[in-house]
1. With a probe of 1.4 Å, find how much accessible area the range 464-538 has per residue, and write the answer as a whole number in Å².
2. Taking +1 at the Cβ of each Lys and Arg and -1 at the Cβ of each Asp and Glu, which of H66, V551, G332 sits farthest along the dipole of the chain towards its positive end, judged by Cα position relative to the Cα centre?
3. Could you list the square roots of 5 times each eigenvalue of the Cα gyration tensor of the range 110-263, that is, the equivalent ellipsoid semi-axes, sorted largest first and rounded to whole Å?
4. Given the DSSP H assignment, sum -39500 (n - 2.57) over each helix run of at least 4 residues in the chain and divide by its residue total; what's the result at 222 nm in deg cm²/dmol, nearest 500?
5. Once you list every other residue whose beta carbon is under 9 Å from the beta carbon of L78, what net charge do they have if Lys and Arg are +1 and Asp and Glu are -1?
6. For the range 157-209, with all protein chains present and a 1.4 Å probe, just round the carbon and sulfur fraction of the accessible area to a whole percent.
7. Please report the spacing between the Cα centers of the range 492-531 and the range 119-183 in Å, no decimals.
8. So how tilted is helix 542-553 from the main axis of the chain? Cα-based, degrees 0 to 90, rounded to 10.
Amino acid sequence: MAEAVAEAIDDNSHLLVQAGTGTGKSLGYLVPALAQGERVVVATATLALQRQLVERDLPRTVDALHPLLRRRPEFAMLKGRSNYLCLHRLHEGVPQDDADEAGLFDPFEAAAPTSKLGKDLLRLRDWSDETETGDRDDLTPGVSDRAWSQVSVTSRECLGASKCAYGAECFAEAARERAKLAEVVVTNHALLAIDAIEGAPVLPSHEVLIVDEAHELVSRVTGVASGELTPGQVNRAVRRATKLVNEKAADALQTASETFERIMELALPGRLETIPEDLSYALMALRDAARTVISALGATRDASVQDEDAVRKQALGAVENIHQVAERIVEGSEFDVIWYERHDRFGASLRVAPLSVSGLLREKLFDDRSVILTSATLKIGGDFNGVAASLGLAPESPQDPEGGEESAPRWQSLDVGSPFDYAKQGILYVAKHLTQPGREGSRGDMLDELAELVEAAGGRTLGLFSSMRAAQAAAEELRGRLDMPILLQGEETLGELIRAFAADPRTCLFGTLSLWQGVDVPGPSCQLVVMDRVPFPRPDDPLMSARQKAVEEAGGNGFMAVAATHAALLMAQGAGRLVRASGDRGIVAVLDPRVERARYGSFLRKTMPDFWYTTDRNQVRRSLAAIDAAAKADGA
């Protein structure tokens, strides 16, 4: 892997590398990246890997290479501005959202000192005098999102170092300065997307880009390139802006807001292939009123408003966002998908997202630097073509001079395998005798099968479910049947749940999406991984169904390109929770017969680790009992 990365950097070409858990892939790209002497940006999807790189892998690599390089490359971590404590917010207060008052209020005075919020805010005030970074993740233990929002700002709300009384001490600015001086900058996918796609120069210029956890990149870029409008969001913008502009401009925005809110009260979930006439008029009114307010905010000032720069900046950011999203939806690009969502707690929202980000990535990401993309799951269905196409790379084999598009960047691929002997360490079991899952309703035979498997395993089970409702139903059922702890996602913080799961081998942990990709528990606590069904996207998911339809209209197989690929990626990630160390043993059980019976079943199985495969339920129960007995004999 290191040789391939070095060659790609030297050739200024691009490389896709699949490297399984335990291969040391971070060292495989850090060593050649540091040795070549140019600035490198490493973008990851998770905080855990960012911290691992900065706190463990980079220091060790720098120390090991020092005798050869005769220098110690500097490295730094850079995150979005809202991840850093804002001293202006801390000392001057938070812009007030109350409709009767536009100014600043002190959250430390507003919150009762004995309340959870009050205690968190007092901790933050004390911590501000101790911290050198102001990075939220350096605060241990952490504080609630509500408390942190009182002392942080987004990039839209930031006054800018030159206008802020605390600019010289700003933690976010200090992080950016450290990044400018560093040879290696560790950041996240979202900040990379903002830098590359939105054209906002938040990262220093660099010659090499390494994208770790690259299977997440398309999803994160889609998130950055999406927009949303809700009545609550629009109302907050109105409250922030009305005291700062003339009455005519304020009234127009208020009227447009009320019209939009009335339409959203009747909104039904689903895609809008065409924009209804009443919604179109409401959005145009909202867009035009927002534009007028933006102009007014730049032309007028009220000296009576305390620290008006902060209030004005927050109001301007909120109104600019409304203007941009409303204008984008009104324009109705054929490359955008627009839909209504409705949430039980937050009500209706209007959303817009790109149909595909492959063109954006091709143009913005691969243009003027060498890009290395790596993950444990880049080969979907046995090859790299699906992932390559989603990234804007030609899906044909890069070795085929007749294949691909002439404008597509040149790339190579490499699968470095795994240090684990999956065929000896694990079994993939598909319960082909079960009924096929439907869209709704309980699956009694699936719950019976699950209970029998968990009992045979003696606990030690990570249950991966396709929905929170299914996870809750399974937890409730098994708590009534089995005498062992069943933990459920949402009942405690994820970190606490994983620690409790790892500490007691008899414990089971059930949950949904974040558990499919975010659990690293080697050893006897996780010897059975269960998937309740193939995790296809919901048929009524507007964005996924639109992407599937677009593939079909272009002559492709939309189901395989979108739905099956999405499911295969998640199943590969889920199956990867089982074997995390050379001594791990266990079973991945898929309680969905379609993985054996359906034509796409082999595609899904090819994406998962190369476990020994069976559909024999009795064999699996004997194997689980044997694994459990061996673990108990070892004292686990």
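The values are calculated or read from the model by the stated rules, or taken from the named source; none is laboratory data. These numbers were taken from a predicted model, which means no experiment stands behind them. Positions of Cβ are generated from backbone atoms using ideal geometry, with glycine treated the same way; all protein chains shown enter the neighbour counts. SASA here: full protein model, heavy atoms, side chains in, ligands and nucleic acids out. Shrake-Rupley method; radii C 1.70, N 1.55, O 1.52, S 1.80 Å.
1. Heavy-atom accessible area per residue stands at 44 Å².
2. H66
3. The answer is 31, 25, 17 Å, longest axis first.
4. -13500 deg cm²/dmol
5. +3
6. 55
7. 32
8. Around 70 degrees separate the two axes.
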